[in-house]
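Let me begin by presenting the structure, written as structure tokens, before commenting on it.
The values are calculated or read from the model by the stated rules, or taken from the named source; none is laboratory data. On a predicted model such as this, the values are computed, not experimentally measured, just so you know. Note that each Cβ is placed from the backbone with ideal geometry, even for glycine, and that neighbours are counted across all protein chains shown. What goes into the accessible areas is simple: the full protein's heavy atoms, side chains included, and nothing from ligands, DNA or RNA. Shrake-Rupley method; radii C 1.70, N 1.55, O 1.52, S 1.80 Å.
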Amino acid sequence: MTPDTVDAIIGQWRNERPDLDDLLPMEVFGRVYRVAAAIGDRMEQAYQRLGIGRGEFDVLATLRRSGEPFNLSPKQLSDTLMLTTGGMTGRLDKLEKAGLITRTPDPGDRRSLRAQLNPAGRELIDEAVTAGLAVQREALARLAPADARRLADLLRELATTVTR
């Protein structure tokens, strides 16, 4: 295997702190962080070419995967995206101004509006999802398919134990 920057960091810690006997967690999470940051940056570039940022992508994608009629309340969006309602309002304002969503009256609460993905927003998010997936696919192409599947399974197992 080709050494990487995490190997160099681990080597430095072994020199400076030989009492740290198990540095495997540092190796694992150092690499997870670096991979996530690098791929996240590449995906952000793909989204920027389409005129949106990661925040707008997240809102549009949440609306799109909610299914017909692609309509959610700001609270549902905030809860899903772990954003404050104020942060969500800013994103919705931007998306509405860009002509990607419309706000419609909430039939269950006359005081509230729901965000609805419109045809332009649906077309854009479908293109953005495809572009982001291409970035991810390209990164995983360096692994054998069975290794990529195993990695996904291991990360799922880890995620379910640390995010409870």
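Only one residue of Leu63, Trp13, Gly132 has its Cα farthest out toward the positive end of the dipole of the chain, where Lys and Arg carry +1 and Asp and Glu -1 on Cβ, and that residue is Leu63. Solvent-accessible surface of the stretch 87-164, taken per residue with a 1.4 Å probe and all protein chains present: 71 Å².
Using the alpha carbons of the stretch 1-114, what is the convex hull volume per residue in cubic angstrom, as a whole number? Don't skip to the answer; put the middle values down first.
Values: hull volume 19.5 nm³, N = 114.
Given the Cα convex hull of the stretch 1-114, per-residue volume reads 171 Å³.
State which helices in the chain qualify, where a helix is a whole DSSP H run, it must extend 27 Å or more along its own axis by its Cα atoms, and its mean Kyte-Doolittle hydropathy must be at least -1.0. Write out the running numbers ahead of the final one.
On the way: long enough: 24-49 (38 Å, -0.22); 119-140 (31 Å, 0.17).
Answer set is 24-49, 119-140.
Under the simplified labelling scheme, the Ala131-Arg65 pair shows an inter-label distance of 1.9 nm, with each label point 7 Å from Cα along Cα→Cβ. Share of carbon and sulfur in the accessible area of the stretch 1-125 stands at 55%, probe radius 1.4 Å. For Ser112, the residues 5 or more places off, or on other chains, whose built amide H falls under 5 Å of its own are Asp106. A simple packing score, the average count of other Cβ atoms within 10 Å per residue, orders the peptides 142-154, 103-115, 124-136 as 124-136, 103-115, 142-154, with the highest score first. Compute the label zone of Asp147 within the stretch 1-24: residues whose backbone N is under 18 Å from the point 7 Å along Cα-to-Cβ. The answer is 1-7, whose backbone nitrogens lie closer than 18 Å to the label point. Looking at the square roots a ≥ b ≥ c of the eigenvalues of the Cα gyration tensor of the stretch 96-164, which shape do they give, rounded for a/c under 1.5, prolate if a/b is larger than b/c, or oblate? Oblate is the answer for the stretch 96-164, as a/c is 1.5 or above yet b/c matches or exceeds a/b. Coupling constants for the stretch 105-118 follow from the phi torsions by the Karplus curve (6.51 cos²θ - 1.76 cosθ + 1.60, θ = phi - 60°), and in residue order they are x, 7, x, x, 8, 4, 7, 10, 10, 10, 8, 10, 5, 9 Hz; glycine and proline get x. Net charge of the neighbourhood of Leu81, taken over other residues with C-beta under 10 Å away and scored Lys/Arg +1, Asp/Glu -1, is -1. Comparing Cα centroids, the stretch 124-147 and the stretch 1-77 end up 14 angstrom apart.
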